[in-house]
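Participant: Below is a structure I'd like to ask you about.
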Amino acid sequence: MNIRKLVEAARRARANAYAPYSRYPVGAAVLAKSGKIYSGCNIENAAYPSGLCAERVAIFKAVSEGERELKAIAVVTRNGGSPCGACRQVFAEFAKSNAVYAIACTRGKPKLFTLVELLPERFGPEKLKQK
Ligand code: THU
């Protein structure tokens, strides 16, 4: 798994962030089981709650192209901000507990985590199958 390449894709995507309200551009990239990388950036809106985080843009791009399993996600911010809970939950829908989370600044090495470290005791699709 090429985490460096994934972080670079997230860094590039960050350049497209539309964040005129927070002025906090975020870039993300996911590596799908197919080997393809999908990237995204945060996209804000004058009606604030209508905006979306970079991670969910990247995840939804991948899923809308037919991907169903994601192996890793990289998130890039100016200060190594930790990803929000909603995005962890959305990533968890399509990832196993050992999937990799790479949290990076605009330069330097990312901090690596597994999904279960960032979202222990997740609520997943299997819970809805149990009676
Ligand atoms: N943001 C993300 O894109 N990902 C996160 O994990 C945290 C926050 C965005 C949302 C908003 O556009 C800006 O960062 C400030 O919250």
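Values quoted throughout were computed directly from the atomic coordinates according to the rules given, and no laboratory measurement underlies them. Because the structure is a prediction, the values reported are computed rather than measured. Positions of Cβ are generated from backbone atoms using ideal geometry, with glycine treated the same way; all protein chains shown enter the neighbour counts.
Participant: Suppose the filter is of a type in the set (Ser, Thr, Tyr) and crowded, with 20+ Cβ neighbours inside 10 Å; does THR77 pass it?
Facilitator: Here the answer is yes, as THR77 does meet what is asked.
Participant: If you don't mind, another one. Output the number of residues of the stretch 1-36 satisfying the condition of being more than 19 Å from PHE113 (Cα to Cα) and buried (at least 16 other Cβ atoms within 10 Å of the Cβ).
Facilitator: 5
Participant: Tell me yes or no: at least one residue of the stretch 61-69 is surrounded by fewer than 24 Cβ atoms within 10 Å (Cβ to Cβ) and of a type in the set (A, V, I, L, M, F, W, C).
Facilitator: Yes.
Participant: If I filter the stretch 91-123 down to residues being of a type in the set (Gly, Ala, Ser) and either within 14 Å of the chain's Cα centre (by Cα) or surrounded by 13 or more Cβ atoms within 10 Å (Cβ to Cβ) (or both), which single residue comes out as farthest from VAL75 (Cα to Cα)?
Facilitator: Applying the first criterion (of a type in the set (Gly, Ala, Ser)) to the stretch 91-123 yields 92, 95, 97, 99, 102, 104, 108.
So of that shortlist, the ones also either within 14 Å of the chain's Cα centre (by Cα) or surrounded by 13 or more Cβ atoms within 10 Å (Cβ to Cβ) (or both) come out as 92, 95, 97, 99, 102, 104.
Working: ALA92: 15, ALA95: 16, SER97: 18, ALA99: 14, ALA102: 6, ALA104: 6 Å.
Across the stretch 91-123, the extreme among qualifying residues is SER97.
Participant: Condition first: among the charged types (D, E, K, R) and touching a helix residue (DSSP H, G or I) at 6+ places or on another chain (Cβ under 7 Å). Now tell me which residues in the stretch 101-124 satisfy that. Working first, answer last.
Facilitator: Of the stretch 101-124, the ones among the charged types (D, E, K, R) are 107, 109, 111, 117, 121-122.
Listed by number, the list holds a single entry, ARG122.
Participant: Confirm whether GLY51 is within 16 Å of ALA102 (Cβ to Cβ) and under 16 Å from the mean Cα position of the chain (by Cα).
Facilitator: Judged against the criteria, GLY51 is not a match.
Participant: Is there a residue being charged (D, E, K, R) and touching a residue at least 24 places away in the same chain (Cβ under 8 Å) anywhere in the stretch 15-24?
Facilitator: Looking for residues that are charged (D, E, K, R) and touching a residue at least 24 places away in the same chain (Cβ under 8 Å), one finds none in the stretch 15-24, hence no.
Participant: For the stretch 11-23, which residues satisfy the criterion of being within 11 Å of the ligand (Cβ to nearest atom) and either in a helix (DSSP H, G or I) or small (Gly, Ala, Ser) (or both)? I'd like the intermediate steps shown before the answer.
Facilitator: First, pick out the residues of the stretch 11-23 that are within 11 Å of the ligand (Cβ to nearest atom): 13-14, 17-23.
Within the stretch 11-23, ALA13, ARG14, ALA17, ALA19, SER22 qualify.
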